[in-house]
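Just so it is clear, none of the values below were taken in a lab; they were calculated from the coordinates. The structure displayed is predicted, hence computed values, not measured ones. Neighbour counts run over all protein chains shown; Cβ positions are idealised from the backbone, glycine included.
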Amino acid sequence: MQSSPQQPSPGKEPRKRSLFSFGTLALFAGVAAGAFGVYVIESRSGNEVAGNCPVDDQLKARIDAAARGEVAAMVAMDTPFDATALAFKDADGVQTSIGAMAGQTLLVNLWATWCVPCRVEMPELDRLQAEAGSDAFAVVPINLDLGESDKPQAFYDEIGLTHLPMYRDETLKLFNDLKGNGVAFGMPVTMLVDSTGCARGVMNGPAEWAGADARALIDAFMSAGG
């Protein structure tokens, strides 16, 4: 499936940046680092990004309606895709996938320690998992640092991330598969994945994930069958 880049719906409110008002320079630095660190590597993993999920106009409308304020950059996909084959490793280095998490609504976040906006939003994701994580919903952060897990684990320890699991794809292949299919453009990138494993919304860029806007978006997604 070669999906076209997702664009914000007409009339959608401009996204606020209140969380990052104290760090505008850091944001630009992170974007620059992401552009260099990600796009110089173009290997493909064989992960299939297939458009074989049913279109749900009601769910799409609910995502677009709820994507406001701090999460206004979240875009409902015109062509949702089956994300179950997207593969990565758990904290023990064991291969797993989105498909192994079937039954839960997922907020899948791709991040790296050298991505400044990623570093800023990780405590927000940790808080979201602490407050909203359950058998029905989970945050799935996938680290993309090359090499061993020392750097991401040190970052977890440094800022006290105690609720987020550690998942990794040190090859960047998962990101490049999403990029090659018009889903990901930089980091962080975050996807809303429904309980059947269909990716239905995507955001490129950071957000205040523990805030009221994000919680309203997630609640709307889940209540509409996400």
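On a per residue basis, the convex hull of the C-alpha atoms belonging to the range 103-153 measures out at 82 Å³. Measuring r between the beta carbons of residue 170 and residue 65 and using R0 = 35 Å, the FRET efficiency lands at 0.40.
The translational diffusion coefficient of the range 130-179, from Stokes-Einstein at 25 °C and 0.890 mPa s with a Kirkwood hydrodynamic radius over alpha carbon pairs, comes to 200 µm²/s.
For the range 99-109, putting each phi into the Karplus relation 6.51 cos²θ - 1.76 cosθ + 1.60 with θ = phi - 60° gives couplings of x, 6, 10, 3, x, 10, 6, 10, 10, 8, 10 Hz, in residue order, rounded to whole numbers and with x for Gly and Pro.
Taking label positions 7 Å along the Cα-Cβ direction at both residue 146 and residue 78, the computed distance is 3.5 nm, reported to one decimal. Of the peptides 171-181, 204-214, the ranking by mean beta-carbon count within 10 Å, highest at the top, reads 204-214, 171-181. With R₀ fixed at 25 Å, the C-beta to C-beta distance from residue 157 to residue 92 puts the FRET efficiency at about 0.90. Rounded to the nearest whole Hz, the Karplus-based 3J(HN,Hα) values (6.51 cos²θ - 1.76 cosθ + 1.60, θ = phi - 60°) of the range 218-226 follow the sequence 5, 4, 5, 4, 5, 5, 8, x, x, with x at glycine and proline. The alpha carbon radius of gyration of the range 68-161, expressed as a multiple of 2.2 N^0.38 Å, is 1.15.
Projecting label points 7 angstrom from Cα along Cα→Cβ for residue 216 and residue 195 puts them 2.5 nm apart.
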